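What follows is a single structure, written as structure tokens, with notes after it.
Read the figures in this text as sums done on the coordinates, not as results from a lab. These numbers come from a predicted model, not from an experiment. Every residue, glycine among them, receives a Cβ derived from its backbone with ideal geometry; neighbour counts consider all protein chains shown.
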């Protein structure tokens with residue numbers, strides 16, 4: 001039996017609603033998650049692509065890489081996997097989610113070495129529940145038709161698909177490697193576990209109403225080691241005579257309302273919005 005060539009796919013088409021910012025751009029170990037996943041795929045794959053929604057094509061980070069666009073809406077990760085299988089039907093796909101900060105090269109090497117091309121997929125068992133982990137797995141060409149049928153029938157969960165598809169399931173060499181990070185509290189726990197000190201960020205801050213009067217300016221560019229909008233506001237209160245407590249303000253990051261615990265990134269524009277009457 002001929003073995004299908006192995007291509008790589010980084011899943012980066014999610015909306016990151018729980019994280020309140022793009023998970024693919026969050027940095028761990030000095031690199032954006034998308035960049036790290038791409039580097040992990042490189043030694044093992046003949047070609048690599050980033051799986052995204054069509055409306056993300058021009059986003060600067062994703063635009064650096066070859067792309068495969070989802071052709072289905074509201075199908076989650078299955079849409080990206082299926083789009084890759086359809087774009088290159090004779091290839092097998094080493095699929096990685098872009099939110100696996102504990103994943104290292106040893107886990108990928110183990111997966112590739114133990115691949116069984118005769119099975120529909122080769123995947124790890126979750127260390128938490130023993131179920132297949134579809135987003136760090138090798139999907140063989142034979143998975144295309146049954147996955148398409150499942151998605152067409154409204155069954156778009158790739159984990160449930162693999163449960164019923166008889167993949168080869170492996171015990172991961174590092175159980176924590178497959179822990180994905182979706183929400184802000186998980187991000188901070190991960191940063192603490194990795195013992196990563198925040199690097200300096202360059203942030204532009206805008207002020208309105210009472211905050212503008214108290215700061216004596218409408219905006220300023222600062223270098224900071226603040227990790228969240230709350231950290232940033234506390235730092236700014238040591239520079240300016242702000243009298244409003246954070247509970248009285250709203251915060252927006254890059255023109256979108258956010259929350260006080262979301263991670264900041266280099267180049268962010270932050271606005272602290274006081275009550276209409278200035279408190």
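Odds and ends about this structure:
- Helical content of the chain, expressed as a calculated mean residue ellipticity at 222 nm, amounts to -7000 deg cm²/dmol (DSSP H runs of 4 or more residues, -39,500 (n - 2.57) each, divided by residue number, nearest 500).
- Packing-based exposure ordering (other Cβ within 10 Å, fewest first) of 188, 44: 188, 44
- Relative to the longest principal axis of the Cα atoms of the chain, the long axis of helix 77-87 makes an angle of roughly 50 degrees.
- Sorting 51-61, 140-150 by average packing, meaning the other beta carbons within 10 Å per residue, from highest down gives 140-150, 51-61.
- Rounded to the nearest 10 degrees, the inclination of helix 184-194 to the longest alpha-carbon principal axis of the chain is 80 degrees.
- Going through (1) 38; (2) 30; (3) 66, the figure that equals percent of Cα pairs over 30 Å apart as computed for the structure here is (1).
- Additional length obtainable on full extension of the chain from residue 87 to residue 73, 0.36 nm per residue less Cα span: 3.4 nm
- Here the label points at residue 149 and residue 116, each 7 Å from Cα along the C-beta direction, are separated by 2.1 nm in the simple model.
- Extension gain for residue 276 to residue 260 (0.36 nm times residue separation, less C-alpha to C-alpha distance): 3.8 nm.
- Ascending count of other beta-carbon atoms within 10 Å, so fewest first, for 88, 240: 240, 88
- Two-site label geometry, residue 183 and residue 220: point separation in nm, points 7 Å out along Cα→Cβ: 3.5 nm
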